[in-house]
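Report on one structure; see the data block that follows.
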Amino acid sequence: MKLAHIATFGCQMNEHDSARFRALLNALGYSIAQAVEEADLVLLNTCSVREAPENKVYSMVGRLAIIKAQRPQMIIAVAGCVAQQEGEQILKRYKAVNLVLGTDQIFALPELLKRAESGERGVYIGWMAREKKVQNFIPEEELETGLIEGGRGKIAITKGCDNHCSFCIVPKTRGSLVSRELQNILAEAQDLIQKGAKEILLLGQNVNSYQVGDQGFAQLLKAVADLPGLKRLRFTSPHPNDWTAELTDLMASHPVICKQLHLPFQAGSDRILKEMRRDHTQAQFLEKVAYLRAQIPELLLTSDVIVGYPTETEAEFLETIEVIKQARFFQIYAFKYSPRPGTKAEQVKDDVLIEEKQHRLERVLTLQASIQSEILDSHLGQTLEVLLDSPHPKEPGVMQGSTPANLRVSLKTNLPPGTLLPVTITGRREFSLVGVGLDIDLDKKASDSV
């Protein structure tokens, strides 16, 4: 039996792609190895949106080269955004790497592995045709191979991005925006539901830019949410520019669409937002947040922030702080700016000192932690629906799951992953909640879902 180890870096789209790789490898007779030392194939699905995850990839390749020196038959494949970005340079830099495949080459993996097994070292980073912005990039024969983990399935509805924010490498590593046809997406969603998915996550680098003919993201969202048997629907990540009142109203009114939204704002200063090519102002962003809060009072909002963008002053950073105070995000993915190759921002001197970037990051995280703590405290004593997804890694007999707002909850239970149950919140930890599950009749819930 052949063993494969997949290491995934970066976003949920990469996690989706790794699940696709896993299904392809299963069909080839591979089992998944938990440790790289025992693997016949190691596939690194990489991220280059920032410098840090890219450096982690190179560090891991270096460690793998040492292992491969003792096991020369091991195949090392580098996939994802770093592969798309660097291409041939990876083979030149690391003699241990056998295969480099870009973000449009996922389903070519079986054929490319044959070439690698025959001793060929190759780079495959070509793009699929992107005609009229419509591309069913999940092949028909793969629509029913989607995996479910913890009662959840993921569907990529778009890929690529046409926004070209000055700091972002995604248009270079994922290509221009393409959307899948509605029926193609619905077929995959129906298959996941039939396999037992209670929740589906729709994915795209700019998910609410979805457009096929006269069908936009709102039409797609409602069509998926209306599918019989689906209990929860979420999506990530939307762009503020494409967020509309129509989408807010749909989220507010449809019981299947989760009341949780990740809406990146990146910076609070209008000047910095213009430099970033975000094409919206602070006031426009906060106006959309205000309407969301008015229509969906229970909304859990998260966001992305970059601190220390070139030329950002202390006063402009304080505008970012003010947005955080007003929007009251539950969680912020905050990062120190790092230049990405080939982006417009790379051409600007990175003039904010690293010490200042770190200081600003710490201030963002300190403020955010206090807001998050208040939000967690507000749920104490409430009874919330939780979808169990996995055993707690350190506590025997404890399961973990998520609420519709994506709050993490731990509780003692013998119920399996994929179970939906009401949980009374009795306590909290630093970033999550603790509760007690209420009795449920699994047979009745199974019959109700048919």
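The values are calculated or read from the model by the stated rules, or taken from the named source; none is laboratory data. This structure is a prediction, so every number in the text was calculated from the model and none was measured. Using ideal geometry, Cβ is built from the backbone for each residue, glycine included, and neighbour counts are taken over all protein chains shown.
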Scanning the stretch 78-106 residue by residue, those part of a helix (DSSP H, G or I) and under 18 Å from Q12 (Cα atoms) turn out to be C81, V82, A83, Q84, I106
Single residue of the stretch 347-369 satisfying the filter (under 25 Å from the mean Cα position of the chain (by Cα) and free of Cβ contacts under 8 Å to residues at least 12 places away in the same chain) that is farthest from V434 (Cα to Cα): E362
Going by what's in this entry, would S176 be described as outside any helix (DSSP H, G or I), outside the structural domain of T419 (by TED's automatic domain parsing), under 20 Å from the mean Cα position of the chain (by Cα) and of a type outside the set (D, E, K, R)? yes
Looking only at the stretch 50-60, filter to residues that are surrounded by fewer than 21 Cβ atoms within 10 Å (Cβ to Cβ) and among the hydrophobic types (A, V, I, L, M, F, W, C); which one of those is nearest to A334 (Cα to Cα)? A52
Hey, among the residues in the stretch 71-95 that are over 23 Å from L24 (Cα atoms) and in contact with a helix residue (DSSP H, G or I) (Cβ under 9 Å, 6 or more places away or on another chain), which one's surrounded by the fewest Cβ atoms within 10 Å (Cβ to Cβ)? K95
Could you tell me whether G126 is in a loop (DSSP other than H, G, I, E, B) and surrounded by fewer than 16 Cβ atoms within 10 Å (Cβ to Cβ)? yes
Go through the stretch 232-249 residue by residue and tally those that are under 18 Å from the mean Cα position of the chain (by Cα) and within 12 Å of F265 (Cα to Cα). 4
Go through (1) in contact with a Gly (Cβ under 6 Å, 6 or more places away or on another chain); (2) at pLDDT below 95 for K198 and report which single condition fails. (2)
Given (1) farther than 26 Å from T403 by Cβ; (2) over 20 Å from the mean Cα position of the chain (by Cα), index of the condition I193 fails: (1)
What tally of residues in the stretch 303-322 results from selecting those that are within 28 Å of H254 (Cα to Cα) and surrounded by 21 or more Cβ atoms within 10 Å (Cβ to Cβ)? 1
